[in-house]
Amino acid sequence: KAGVTQTPRYLIKTRGQQVTLSCSPISGHRSVSWYQQTPGQGLQFLFEYFSETQRNKGNFPGRFSGRQFSNSRSEMNVSTLELGDSALYLCASGDGNTQYFGPGTRLTVL
Amino acid sequence: EDQVTQSPEALRLQEGESSSLNCSYTVSGLRGLFWYRQDPGKGPEFLFTLYSAGEEKEKERLKATLTKKESFLHITAPKPEDSATYLCAVQGYSTLTFGKGTMLLVSP
């Protein structure tokens with residue numbers, strides 16, 4: 001089976017802009033989670049979707065949002081970008097208890 | 001609130017020098033403890049899931065064990081290709097909570 005794919009792999013944006021990241025889960029997986037990874041904070045949970053419904057949400061401001069489509073593909077959006085949003089954004093898909101991660105999208109905010 | 005603490009933050013070993021990484025946790029209702037390996041610039045790669053105290057899992061030079069308060073990742077006779085950051089995570093009632101990882105460097 002193909003693994004989790006994320007696009008784009010790299011993004012450079014400026015403060016105030018918005019960005020949309022995409023994630024395609026492993027075939028058959030209905031759960032998709034998003035994480036932000038920074039050197040200082042490590043991996044922090046953003047949100048989880050299951051069958052197009054947000055099941056859990058982490059402690060991030062409302063500028064961070066996401067959605068899941070009927071084919072389980074997911075997108076996350078960050079509006080009004082800030083310098084502190086620079087990070088590796090990771091998507092993971094699950095088949096029950098275990099989550100499998102994609103390669104991530106490296107977002108740089110200038 | 002679920003918490004995961006990993007130690008040491010960084011570990012340098014000589015090739016063949018066995019050691020252990022520690023993961024201490026507090027969680028409401030453990031549904032699983034996970035170990036991942038992450039190489040620079042890549043996503044975490046799944047290694048093991050442990051569900052109950054006393055459980056052990058092995059894969060090549062790695063062995064993970066679990067008690068009620070901590071988990072250990074034992075690395076036997078490591079090779080340079082084992083160099084990576086090892087992440088521990090716990091699944092409670094809702095979300096997966098990660099530790100900050102142990103950066104392992106194995107020198108030839």
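For the reader, a short list of remarks on this structure follows.
- Separation of the alpha carbons by more than 31 angstrom is noted, of B:K42/B:K79; B:K42/B:K63; A:K13/B:K57; A:K13/B:K63; A:K13/B:K100, for A:K13/B:K57; A:K13/B:K63.
- Our estimate of slack between B:T76 and B:Y51, defined as 0.36 nm per intervening residue step minus the Cα-Cα distance, is 6.7 nm.
- Sequence of B:S94, A:S24, B:S52 once ranked by neighbouring C-beta atoms within 10 Å, starting from the fewest: B:S52, B:S94, A:S24
- Remark: the Cα gyration tensor places the protein assembly as shown in the prolate category, a/c being 1.5 or greater and a/b exceeding b/c.
- Calculated FRET efficiency, A:K57 to B:E15, Cβ-Cβ distance, R0 = 41 Å: about 0.40 to the nearest 0.05.
- The calculated pair-distance distribution of segment B:41-100 uses every alpha carbon pair, bins of 10 angstrom beginning at 0, and gives 18, 52, 26, 3 percent.
Any read-out appearing in this document is the output of simple, stated calculations on the displayed coordinates, not a laboratory observation. Just so you know, these numbers come straight off a predicted model, no measurement behind them. All Cβ positions, glycine included, derive from the backbone under ideal geometry; neighbour counts span all protein chains shown.
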